[in-house]
Amino acid sequence: MTWTASDIPSLSGRTAIVTGANSGIGLETAAGLAERGATVIMACRNLAKAEKAADSLRTRQLPGEIRLMQLDVANLSSVRAFAEEFSAQHPCLDLLINNAGVMGATKILRTKDGFESQFGTNHLGHFALTGLLLERLKAAPAPRVIAVSSVAHKATQGIDFDDPNYERGGYKPFLGYARSKLANLLFMFELDRRCKAAGLPLIAAAAHPGYTASNITSGANPEGSRIKDFLVGIGNRFFAMSAVGGARPTLYAATHADIRGGEFIGPVGPLQFWGPPGPVARKATASDPQAASRLWSLSQELTGVRMLDD
């Protein structure tokens with residue numbers, strides 16, 4: 001039987017945060033949760049754009065409440081301010097969807113904290129956010145943290161722990177993206193392990209949208225090639241899933257009763273590009289306990305956020 005968003009159980013009384021919820025997969029993830037009654041915090045960098053997106057959801061007259069909060073996961077000061085404000089307003093957090101992401105550049109870009117932009121935004125910002133919200137997650141009866149990764153994690157042999165921010169040069173944009181998506185998987189793998197070891201009910205899992213037409217695909221053409229832009233446009237129009245389809249793996253991971261922790265959910269069709277959501281294979285490196293533990297320690301050192309120390 002094919003799973004769809006209509007199979008999501010009632011989320012009435014639950015609170016969810018979706019980062020990068022102003023467009024694409026994040027917007028449809030927020031819509032899917034609100035459709036089942038959740039109060040959804042759209043955590044977005046640009047509130048002007050996010051307000052328009054929130055209004056588009058409100059016009060659907062969804063059962064759940066839609067709220068906006070400012071968050072730039074590429075800025076640790078913003079992450080800390082968001083976590084402090086949320087914690088002051090909410091006693092618990094049921095779902096944290098770490099969805100926001102960036103892809104591609106013709107040259108290395110850095111976050112406000114000096115991290116390589118893709119590693120800093122896609123992984124480190126979300127690592128810090130999760131740690132700073134952990135007490136609110138622990139206060140929920142059945143909390144989950146979901147990271148949105150990518151099949152692109154298979155395009156790297158592993159993370160360079162000695163030079164994660166390319167301070168020694170040798171930067172390749174897509175390799176940086178692949179490593180950030182591998183980091184998403186390793187983070188969820190280790191978070192779930194540590195929660196189980198601590199006897200916490202928190203479940204951590206990862207999902208990926210397959211080949212979905214979304215804003216992030218513009219990062220696949222950082223050099224601005226007209227030919228490449230044309231090909232990406234053709235692919236998005238005729239071959240890619242819609243944002244609604246791309247959000248289904250995230251919604252499955254966030255709500256399906258069979259999720260126990262550590263799973264990777266994606267489209268189960270050819271190459272994991274299309275199809276209904278379900279458990280999918282990951283690169284062996286993404287389940288390497290030594291790499292996961294090393295990434296955890298590195299992430300704590302770089303962000304200054306500590307959680308669940310063994």
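The values are calculated or read from the model by the stated rules, or taken from the named source; none is laboratory data. All of these numbers come straight from a predicted model, not from anything done at the bench. Glycine gets a Cβ as well: all are built from the backbone with ideal geometry, and neighbour counts include every protein chain shown. Each accessible area value is taken on the protein alone, full model and side chains, heavy atoms only, with ligands, DNA and RNA left out. Shrake-Rupley method; radii C 1.70, N 1.55, O 1.52, S 1.80 Å.
With the convex hull drawn around the C-alpha atoms of region 41-162, the volume per residue stands at 152 Å³.
What helices in the chain pass both tests, a Cα length along the helix axis of 27 Å or more and a mean Kyte hydropathy of -0.5 or higher, using whole DSSP H runs? TM-like helix candidates: 173-197.
Along its three principal directions, the equivalent ellipsoid of the chain from the Cα gyration tensor extends over semi-axes of 25, 24, 20 Å, largest first. On full extension, the segment bounded by residue 106 and residue 293 gains 64.2 nm, given 0.36 nm per residue less the C-alpha separation. Evaluated at q = 0.13, 0.16, 0.25 Å⁻¹, the base-10 log of the normalised Debye intensity for region 46-110, with identical point scatterers placed on the Cα atoms, takes the values -0.51, -0.75, -1.30. In the assembled protein chains, residue 174 presents an accessible area of approximately 100 Å² (probe radius 1.4 Å). Each principal axis of the Cα cloud of region 98-156 was evaluated for its coordinate range; sorted largest first, these ranges are 45, 27, 16 Å. Multiplying the residue separation of residue 6 and residue 77 by 0.36 nm and subtracting their alpha-carbon distance yields 21.8 nm. Converting phi to 3J(HN,Hα) with the Karplus coefficients 6.51, -1.76 and 1.60 and the offset θ = phi - 60°, region 257-264 yields 5, 7, 5, 10, x, x, 6, 10 Hz in sequence order, with x at every glycine or proline. Working from Cα pairs under 8 Å separated by at least six residues, relative contact order for region 56-169 is 31 percent.
Spin-label model, residue 163/residue 84: points 7 Å from Cα along the beta carbon direction are separated by 3.7 nm.
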